[in-house]
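The values are calculated or read from the model by the stated rules, or taken from the named source; none is laboratory data. Since we're looking at a predicted model, the values are computed, not measured. Neighbour counts are summed over all protein chains in view; Cβ atoms, including those assigned to glycine, are modelled from backbone coordinates with ideal geometry.
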């Protein structure tokens with residue numbers, strides 16, 4: 001009885017040992033030589049890959065939209081040609097003498113050309129459908145914003161020779177770039193993230209999967225969102241209490257309605273800044289805010 005085959009793990013061959021002279025020469029390299037003059041040797045794709053994988057805002061890719069569209073048009077043309085050929089053969093079968101133009105059987109089709117055309121169409125249709133589905137998913141992804149595109153530009157400016165110029169496909173392609181994982185951000189979050197003081201306050205500490213470089217800084221998304229939530233609540237409550245106290249010192253209804261109108265308008269703008277493009281949530285918040293003011297007006 002044969003013994004069961006044992007599972008083996010592939011072990012790649014290690015590189016040859018580095019000589020002491022080469023190690024000494026490497027230790028004597030300056031940062032300028034590593035980062036600029038010979039960046040293609042000491043950084044290159046390993047450094048770019050690690051940097052892109054370290055944060056969602058760094059991991060952006062190209063859609064190749066014109067090329068995708070051209071491939072779809074090519075497949076569409078090939079499939080359309082086959083479809084025209086099938087129609088021609090179907091018309092030919094119908095115009096044959098009565099009882100000789102078979103079109104009701106695949107197995108006994110006297111015109112084998114139709115079967116050949118169908119077999120040619122199947123892989124083309126599969127490629128076409130797969131490309132349509134994948135490209136529609138790419139088109140649905142959020143386009144990389146200016147800050148994300150600038151991150152890529154900054155990396156290439158920091159290590160200008162790390163990647164072959166013919167392979168720097170990220171540059172000058174802003175409209176065609178997309179983040180692999182995009183988190184929808186409200187206008188308020190986008191605005192506050194531009195404040196350096198707030199970014200420094202939520203800077204993340206070092207970690208093995210993050211780049212230890214003075215040119216790269218990581219900000220805690222959770223910390224930023226918590227701070228912005230607190231700011232949103234404080235400002236919203238402040239606007240509500242300020243309006244109520246203001247109404248308390250105004251007697252004429254005309255002036256009170258003017259205060260309520262202005263307060264509701266400002267609260268609507270603040271809700272849009274805090275929530276973004278979520279009209280139903282904004283309307284619900286504004287309706288509740290308006291109801292509180294109107295009830296207070298009636299009670300007083």
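Restrict the check to the range 69-88 and report whether at least one residue is over 36 Å from the mean Cα position of the chain (by Cα), part of a loop (DSSP other than H, G, I, E, B) and either assigned by TED's automatic domain parsing to the domain that holds residue 119 or surrounded by 11 or more Cβ atoms within 10 Å (Cβ to Cβ) (or both).
Looking through the range 69-88, none of the residues is over 36 Å from the mean Cα position of the chain (by Cα), part of a loop (DSSP other than H, G, I, E, B) and either assigned by TED's automatic domain parsing to the domain that holds residue 119 or surrounded by 11 or more Cβ atoms within 10 Å (Cβ to Cβ) (or both).
So, residue 106, is that one surrounded by fewer than 16 Cβ atoms within 10 Å (Cβ to Cβ), farther than 24 Å from residue 59 by Cα, in the same structural domain as residue 39 (by TED's automatic domain parsing) and in contact with a helix residue (DSSP H, G or I) (Cβ under 9 Å, 6 or more places away or on another chain) or not?
In short, yes.
Regarding residue 280, is this residue crowded, with 16+ Cβ neighbours inside 10 Å and under 30 Å from residue 183 (Cβ atoms)?
No.
Here's a check for you: in the range 255-269, which residue that is touching a helix residue (DSSP H, G or I) at 6+ places or on another chain (Cβ under 6 Å) and free of Cβ contacts under 8 Å to residues at least 40 places away in the same chain is nearest to residue 283 (Cα to Cα)?
Filtering the range 255-269 for residues that are touching a helix residue (DSSP H, G or I) at 6+ places or on another chain (Cβ under 6 Å) and free of Cβ contacts under 8 Å to residues at least 40 places away in the same chain, the one nearest to residue 283 (Cα to Cα) comes out as 268.
Checking the conditions here, which among 193, 142, 148, 173 is touching a strand residue (DSSP E or B) at 6+ places or on another chain (Cβ under 8 Å), modelled with pLDDT under 90 and outside the structural domain of residue 47 (by TED's automatic domain parsing)?
193
Looking at the range 23-40, which of its residues are in a loop (DSSP other than H, G, I, E, B) and either surrounded by fewer than 10 Cβ atoms within 10 Å (Cβ to Cβ) or modelled with pLDDT of 80 or more (or both)?
The answer is 28, 30, 38.
Determine which member of the set 140, 144, 182 is more than 21 Å from residue 43 (Cβ to Cβ), out of contact with any helix residue (DSSP H, G or I) (no Cβ under 8 Å at 6 or more places or on another chain) and touching a residue at least 12 places away in the same chain (Cβ under 8 Å).
After applying the criteria, what remains is 182.
If I ask for residues that are surrounded by 15 or more Cβ atoms within 10 Å (Cβ to Cβ) and outside any loop (DSSP other than H, G, I, E, B), which ones from the range 154-171 would you list?
Hits for the range 154-171 are 155, 156, 158.
Regarding residue 57, is this residue outside the structural domain of residue 216 (by TED's automatic domain parsing) and more than 30 Å from residue 222 (Cα to Cα)?
no
Any chance the range 8-22 includes a residue that's surrounded by 10 or more Cβ atoms within 10 Å (Cβ to Cβ) and part of a helix (DSSP H, G or I)?
Scanning the range 8-22, I find at least one residue that is surrounded by 10 or more Cβ atoms within 10 Å (Cβ to Cβ) and part of a helix (DSSP H, G or I), so the answer is yes.
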